[in-house]
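Undergrad: The structure that follows is given in the form of structure tokens.
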Amino acid sequence: MPELPEVETTVCGIRSHIEQARVIRCIVRESRLRWPVPVEDLASVVGCVVEGVLRRGKYIILETANGSLLLHLGMSGNLRVLTGSDEPVRKHDHIEIMFDNGAILRFNDPRRFGALLYTEKWQTHSLIAHLGPEPLTDNFDLDYLYAKAKTRTSAIKTIIMDSQVVVGVGNIYANEALFRAGIRPSRKGVNISKARYLRLIDAIKRVLEQAIRQGGTTLKDFADTEGKPGYFRQSLLVYGRQGLPCFACGGEIRQTRIQNRATYFCASCQK
DNA sequence: ATGCGGACCTGTTAGC
DNA sequence: TGCTAACAGGTCCGCA
């Protein structure tokens, strides 16, 4: 489900409710997520104040003085904030984190590709330590990406979806950014000029920023922390549009597979 | 060191 | 209508 904009939307949605609130209880109904939820370790943060709600790549971090919770939404995960009257527990509501101000964080994840982990120091955690730069910072620039891509033999789409190269670019936004940059997803990264990498970096930043402004992309079931969908779907130019006319030239959008992921492009606009 | 396929899951949809 | 297969927003791991 979630790529960077959806995770960012989620983080912004929960922050005002739980920052500076104290964790009073964690309920784990289903511990079989991507990795077993370390129920014992979660006790470390009970009684602690959430001092920061951060995002690194697609990981959500709840920071306390006694360690942090690391949350990943996987493909189908969703976080809701409950405040008032409780809503009934539904299928796949696996985890609940309760706070002293009455707020409840409820994690729902049908496919269970998501994760909840505890770490004393998230910055050096093995899942975080080797991540590439954040795409919306100045660290993600032409010199960096050009140098990085030159060492790779794979398609540019594969390269920008590699979280060791840059975090947060999932399948939807990789397709969208490559269309906006006029680059064929299958083109080898080594065969792209500096000028075109500049367009690509610009396109990645623009598409992610726009998606964040619109609350992410709801294809089927993404919802923000209040249960509302994201509206970037209406701004998708190629994703899911196979057989339909290209918005730029009228040609037919084609679908193929790269790294076994659905890939969409316009053969005349993207070379 | 990089690249690829498989693995982890459930739910929805397309096809017969 | 009903069964089956394919596919879905992610990404780690093991092997070549």
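The values are calculated or read from the model by the stated rules, or taken from the named source; none is laboratory data. Keep in mind that this is a model prediction, so the values were computed, not measured. A quick note on method: Cβ atoms are made from the backbone with ideal geometry, for glycine too, and the neighbour counts reach across all protein chains shown.
Undergrad: Residues of segment A:143-162 being of a type outside the set (D, E, K, R) and either part of a loop (DSSP other than H, G, I, E, B) or free of Cβ contacts under 8 Å to residues at least 40 places away in the same chain (or both), which ones?
TA: Narrowing segment A:143-162 to residues of a type outside the set (D, E, K, R): A:144-147, A:149, A:151, A:153-156, A:158-161.
Residues satisfying the conditions are A:Tyr144, A:Ala147, A:Thr151, A:Thr153, A:Ser154, A:Ile159, A:Met161.
Undergrad: When the residues of segment A:168-180 are filtered to those that are surrounded by fewer than 24 Cβ atoms within 10 Å (Cβ to Cβ) and touching a helix residue (DSSP H, G or I) at 6+ places or on another chain (Cβ under 8 Å), which remaining residue is nearest to A:Arg55 (Cα to Cα)?
TA: Ranking the qualifying residues of segment A:168-180, first place goes to A:Gly170.
Undergrad: A follow-up question, please. Does A:Tyr264 qualify as being part of a strand (DSSP E or B) and either within 22 Å of the chain's Cα centre (by Cα) or within 11 Å of DNA strand C (Cβ to nearest atom) (or both)?
TA: yes
Undergrad: Exactly one of these conditions fails for A:Arg206: (1) loosely packed, with under 14 Cβ neighbours inside 10 Å; (2) in contact (Cβ under 8 Å) with a residue 12 or more places away in the chain; (3) out of contact with any strand residue (DSSP E or B) (no Cβ under 6 Å at 6 or more places or on another chain). Give me its number.
TA: The one condition A:Arg206 does not meet is (1).
Undergrad: Listed residues A:Leu131, A:Leu178; which is part of a helix (DSSP H, G or I) and among the aliphatic types (A, V, I, L, M)?
TA: Checking each option against the conditions leaves just A:Leu178.
Undergrad: Specify which of the listed residues (A:Leu117, A:Leu127, A:Leu145, A:Leu54) is in contact with a helix residue (DSSP H, G or I) (Cβ under 7 Å, 6 or more places away or on another chain) and either of a type in the set (D, E, K, R) or within 26 Å of A:Gly170 (Cβ to Cβ) (or both).
TA: A:Leu145
Undergrad: Out of A:Thr151, A:Thr137, A:Thr124, which single residue is away from DNA strand C (no atom under 16 Å from the Cβ) and either in contact with an Asp or Glu (Cβ under 7 Å, 6 or more places away or on another chain) or more than 21 Å from A:Thr225 (Cβ to Cβ) (or both)?
TA: Selected residue: A:Thr137, the only one of A:Thr151, A:Thr137, A:Thr124 that is away from DNA strand C (no atom under 16 Å from the Cβ) and either in contact with an Asp or Glu (Cβ under 7 Å, 6 or more places away or on another chain) or more than 21 Å from A:Thr225 (Cβ to Cβ) (or both).
Undergrad: Whether any residue in segment A:57-75 is among the acidic types (Asp, Glu) and exposed (fewer than 13 other Cβ atoms within 10 Å of the Cβ) is what I want to check.
TA: no
Undergrad: Tell me the residue from A:Gly250, A:Gly240 that is more than 16 Å from the chain's Cα centre (by Cα), within 14 Å of DNA strand C (Cβ to nearest atom), farther than 19 Å from A:Lys58 by Cα and in a loop (DSSP other than H, G, I, E, B), please.
TA: One residue alone meets the criteria, A:Gly240.
Undergrad: Also: Cβ-Cβ under 8 Å, sequence separation 6+ or interchain: first residue in segment A:117-132 and farther than 10 Å from A:Leu70 by Cα, partner within 16 Å of DNA strand B (Cβ to nearest atom) and in a loop (DSSP other than H, G, I, E, B). Which pairs?
TA: A:His130/A:Gln164; A:Leu131/A:Ser163; A:Leu131/A:Gln164; A:Gly132/A:Asp162; A:Gly132/A:Ser163; A:Gly132/A:Gln164; A:Gly132/A:Val165; A:Gly132/A:Val166
Undergrad: Can I ask one more? Here are some residues: A:Ala115, A:Ala103, A:Ala65. Which one is within 16 Å of DNA strand B (Cβ to nearest atom) and at pLDDT 95 or above?
TA: Numbers: A:Ala103 fails: within 16 Å of DNA strand B (Cβ to nearest atom); A:Ala65 fails: within 16 Å of DNA strand B (Cβ to nearest atom).
Going through A:Ala115, A:Ala103, A:Ala65 in turn, just one is within 16 Å of DNA strand B (Cβ to nearest atom) and at pLDDT 95 or above: A:Ala115.
Undergrad: Follow-up question, since we're still on this one. Where the second residue is basic (Lys, Arg) and surrounded by 15 or more Cβ atoms within 10 Å (Cβ to Cβ) and the first is farther than 21 Å from A:Ile156 by Cα and lies in segment A:237-266, which pairs have Cβ atoms under 7 Å and are six or more apart or on separate chains?
TA: Once the first residue is farther than 21 Å from A:Ile156 by Cα and sits in segment A:237-266, no partner that is basic (Lys, Arg) and surrounded by 15 or more Cβ atoms within 10 Å (Cβ to Cβ) comes close enough.
Undergrad: So if I check each of A:Leu62, A:Leu116, A:Leu71, A:Leu79, which one is touching a strand residue (DSSP E or B) at 6+ places or on another chain (Cβ under 7 Å), under 20 Å from A:Asp224 (Cβ atoms), more than 16 Å from DNA strand C (Cβ to nearest atom) and part of a strand (DSSP E or B)?
TA: A:Leu62
Undergrad: Now, a different point. Please determine whether any residue of segment A:211-223 is within 13 Å of A:Glu176 (Cβ to Cβ), of a type in the set (A, V, I, L, M) and assigned to a helix (DSSP H, G or I).
TA: Scanning segment A:211-223, I find at least one residue that is within 13 Å of A:Glu176 (Cβ to Cβ), of a type in the set (A, V, I, L, M) and assigned to a helix (DSSP H, G or I), so the answer is yes.
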